[in-house]
Structure formats: C-alpha cells, structure tokens
Amino acid sequence: MEKIYSRPVSLNPVAFNYCPGCLHGTSQKLLCDVIDELGKQEDTIAVMPIGCSTMGMFAFDFESLGACHGRAPAVATGVKRTAPEKLVFTYQGDGDIGYIGFSEIMHAANRGENFTVIFANNGTFGMTGGQMAPTTLIGQRATTAPLGRDPSYGQGMPIHMSELVASLPLPVYVERCSVDTPAHANATRKAIKKAFDIQLAGKGFSFVEILTNCPTNWGVSPVQSIAWIKEKTYTEYPLGVYKDITQEG
Amino acid sequence: MAKVEITAAYCKGCLLCEALCPKGVLSLGNEVNALGYNIIKADDTKECIACQQCAVICPEGAIEVYK
C-alpha cells in the first residue's frame, strides 16, 4: 500500500499545544504542507504574534520569531527588507490583528510590503480566557460581554479585516477562507499557495483570512463548533476573494 | 484496499474525523495516550475508501492514509 496522505515534513514531531478540535492546528498544518510543496523549509521565516497563534512556533520546523503583541507586520517588514530572498509570513489571531495591532497591519498593507499575512479569525481572545474580540459576532457571549455583544451598549460592530485591507490600493491579493470542512481546507491551501507564489514573485502584499473555531471559549464541542461556523460565522463573514490584481497589468 | 493509520501520541480525541467519515471507520477508543486523551481508533472490519477527509481536517496531523 502506498501512503497518499502524510503529515507535513516541516511540522515538528510533537502534538500542537492547542485544545482538542482547535482549527489553528489544521490551518498551521496546511501552511506547513504548502511550504513543503514549495520546498522552502530552509528559506522560511515565520513572524509570530502573541496569543494562541504563537504556539505554532513550537510545531514549525523552520525559523520563527516572536513579535510584541500586534507588531508582527512591523517586524515582518524589517525581516523581509533585510532578507528579501526569504519567504516571510505572519500568522495572527483576531485580537492581535484587530485591536492591538490594527495600526501595524493597515500600514504594512498600505505600504504594499512584500510579505504574507495569515489571519486566523475565531471571534474571541482564546489564550486570555474568551474576552470579546473586535471580530466577535453580534449576540455572541464573551467574558467581557456576558449578555452577548450589543452595539447599542457601546461594544461596537464586528470588524471585517479582509474588506478593510482590500479597500487599500496596494495589497495584491486578499481572500477570506475557512477550514471547517475538508473542501474548504483544500481551498484554503490553494489560497495560501497563491499568496506565497505572489510573494516569491515579488508582486507585493498578500492577505489570507481563515475562519477558525474556539470550542473552549465558545462553550461547545469541536463538532458543534463546526456547525456554529456554518450557521453564524458565514452570515457575518462571507467567504471569497476580495481583491486580486495579479491578472491585471 | 485502503487504511488509515493514527499516531496515538498526537490524537486529542476531538472527534472531528469521526463526524466526517462516510463509512463509520473511525470511533473513540478506550486507549489513553500520554497527553491523557482517549484516542480515536480505526475499525478494520469496515471498509476505508481513502477519501482523506479525516486526514485533511485533523488539527493534529495525527492521521495518515494508505491506498
């Protein structure tokens, strides 16, 4: 019998530090799979932020460094400018990219820096205990919004990062994907591959948003969290390509 | 003829694979791994069709598929 699906080589032989059923693991596994396909394990530098997403660096078998909270796009700018031949990406969560590092991501995108941002959106601050994130859905409960997020109570509306980044002139490729089903996971893999290809061709800034889950802080089982994404997250965050100017000019 | 192989050390028993398997090959077993989780087991009497859905979604990369 021939092995037709194997664990990525650039993933360390350890279990992820995530809770059971956390799709951060699936997203990072897909990332490693793409890096294996490109043969870039030795030439990749991951810039990790603060939050659950940071723990990917224990699993990645390539260079990675940790930035201050939210500052990963600023650090990645420096890394990419000093080592333009490397494949540089950041892997950030929603609290990191939408609250603390909002300025860094928007300005890195506005400068059209030649690196890739992978944004895992699960609508909560996972590591610190389920506080309300900028992407928390209306009515979704969080420890800092115990009755559910309510805009009339001064808690604001969910931030749509892909649409915001796509509204800038210089980003080349912006797509929102999901990893809730195998088909969507394969589409996400293609999107990451495309974003990395754009970076390696020197075309400019690419942004891939991945809708993930947080069974622990949503208070549901992993299987129920998949149904939650289908039922609630998709209506707020529709999947699709928000910007792709690789075909023009 | 196809089969799935589960690496016991990585599995956390989240059951995402069990929910996806169209042939009911995967189910939660009694074996407990070093992390303290009950791990998934593959039933040899049922026919795996190597659709790879379980392996693609597995957040731990614990499943490998042979055909």
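The values are calculated or read from the model by the stated rules, or taken from the named source; none is laboratory data. Remember, predicted model here, so these are calculated numbers, not experimental data. Neighbour counts run over all protein chains shown; Cβ positions are idealised from the backbone, glycine included. Side chains are part of the model used for accessible areas, which takes the heavy atoms of the whole protein and leaves out ligands, DNA and RNA. Shrake-Rupley method; radii C 1.70, N 1.55, O 1.52, S 1.80 Å.
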Checklist entry - About its Cα centre, how strong a charge dipole does chain B have in debye, to the nearest 20, once Lys and Arg get +1 and Asp and Glu get -1 at the Cβ? => result 100 debye
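Counting every Cα pair in the range B:3-66, what percent are over 18 Å apart? All intermediate terms of the calculation are to be shown ahead of the outcome.
Values: 473 of 2016 pairs.
For the range B:3-66, the fraction of Cα-Cα distances above 18 Å is 23 percent.
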Checklist outcome for this item: Given the candidates B:Val25, A:Trp228, A:Gly202, the one whose Cα lies deepest towards the positive end of the charge dipole of the protein assembly as shown, counting +1 at each Lys or Arg C-beta and -1 at each Asp or Glu C-beta, is A:Trp228
Item to check | 13 Å cut-off, amide nitrogen to a point 7 angstrom out along A:Asn17 Cα→Cβ, residues in the range A:45-61 | outcome: A:48-60
Next on the checklist: Run the simple label-point estimate for B:Tyr66 and A:Ser103 please: 7 Å along Cα→C-beta, distance reported in nm.
Outcome noted: 5.7 nm
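If you take each beta carbon of peptide B:48-58 and count the beta carbons of other chains within 10 angstrom, what is the mean?
5
Can you list the DSSP H helices in chain A whose Cα atoms extend at least 18 Å along the helix axis and whose mean Kyte-Doolittle hydropathy is 0.0 or higher? Can you show the working numbers first?
Working: long enough: A:23-38 (23 Å, 0.21); A:182-200 (27 Å, -0.40).
Counting only whole DSSP H runs, the qualifying helices are A:23-38.
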Checklist outcome for this item: Losing no less than 50 Å² of accessible area (probe 1.4 Å) relative to the isolated chain, the residues of the range A:1-39 are A:Met1, A:Lys3, A:Ile4, A:Tyr5, A:Arg7, A:Ala15, A:Pro20, A:Lys29
Checklist entry - What number comes out for the charge environment of B:Cys17, summing +1 per Lys or Arg and -1 per Asp or Glu over other residues with Cβ under 13 Å away? => result -2
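How large a share of the accessible area of the protein assembly as shown, in percent, is made up of carbon and sulfur atoms when the probe is 1.4 Å and the other protein chains stay in place?
Numbers: 7130 of 13060 Å².
Carbon and sulfur together cover 55 percent of it.
Calculate how many DSSP beta bridges within the range A:23-244 are antiparallel, expressed in % of all such bridges and rounded to the nearest 5.
Working: 6 of 31 bridges.
DSSP beta bridges in the range A:23-244 are roughly 20 percent antiparallel.
Per-residue counts of other Cβ atoms within 10 Å, averaged by peptide: what ranking do you get for A:126-137, A:3-14, highest first? Don't jump to the answer; show the numbers that get you there.
Numbers: A:126-137: 20.9, A:3-14: 15.6.
Answer by packing, highest mean first, reads A:126-137, A:3-14.
Given charges of +1 on the Cβ of Lys and Arg and -1 on the Cβ of Asp and Glu, with all other atoms neutral, how large is the dipole of the protein assembly as shown about its Cα centre, in debye to the nearest 20?
Working: 26 positive and 31 negative charges, 46 e Å.
My answer is approximately 220 debye.
Can you give the direction-averaged projected area of the convex hull of the alpha-carbon atoms in the range A:43-188, in nm²?
Details: hull surface 37.8 nm².
Its Cα hull, projected and averaged over all orientations, spans 9.5 nm².
Taking R0 as 41 Å, what FRET efficiency do you get between A:Ser6 and A:Gln155 from their Cβ-Cβ distance, rounded to the nearest 0.05? Let's see the in-between values first.
Details: r = 45 Å, r/R0 = 1.10.
The computed FRET efficiency comes out at 0.35.
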Item to check | Spatial separation of Cα centroids for the range A:118-152 and the range A:45-103, in angstrom | outcome: 22 Å
Checklist outcome for this item: Cα extents of the range A:101-249 per principal axis, largest first, Å, are 50, 34, 25
Checklist entry - Taking the Cα centre of each part, how many Å lie between the range B:25-52 and the range A:214-249? => result 28 Å
Next on the checklist: Give me P(r) over the range A:26-90, computed from all C-alpha to C-alpha distances, binned every 5 Å, as integer percentages.
Outcome noted: 4, 19, 30, 25, 18, 4, 0
Checklist entry - Could you give the nm distance between label points at B:Ala2 and A:Thr128, where each point is 7 Å from its Cα heading toward the beta carbon? => result 4.5 nm
Next on the checklist: Strictly over 18 Å apart at the Cα level, which of A:Lys29/A:Lys232; A:Lys86/A:Lys203; A:Lys80/A:Lys243; B:Lys46/B:Lys67; A:Lys80/A:Lys203 would you flag in this model?
Outcome noted: A:Lys29/A:Lys232; A:Lys80/A:Lys243
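Which net charge results for the neighbourhood of A:Ser103, defined as the other residues with beta-carbon distances under 13 angstrom from its beta-carbon, given Lys and Arg at +1 and Asp and Glu at -1?
On the way: positive: A:Arg71, A:Arg111; negative: A:Asp96, A:Glu104.
Local charge sum for A:Ser103: 0.
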Next on the checklist: Can you compute log10 of I(q)/I(0) for the range A:112-184 with the Debye formula, treating each Cα as one identical point scatterer, at q = 0.21, 0.26 Å⁻¹?
Outcome noted: -0.98, -1.13
Item to check | Cα lying deepest toward the dipole's positive end in the protein assembly as shown, options A:Ser6, A:Met132, A:Val179, charges on Cβ | outcome: A:Met132
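If you average 1/r over every pair of different alpha-carbon atoms in the protein assembly as shown and take one over that average, what Kirkwood value in Å do you get? Walk me through the numbers on the way to the answer.
Working: mean 1/r = 0.0505 Å⁻¹.
About 19.8 Å, per the Kirkwood formula over Cα pairs.
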Checklist entry - How much of A:Lys86 can a 1.4 Å solvent probe reach, expressed as accessible area in Å² and rounded to 10? => result 50 Å²
Checklist entry - Using 7 Å Cα-to-Cβ label points, what is the A:Asp43/A:Glu85 separation (nm, one decimal)? => result 0.8 nm
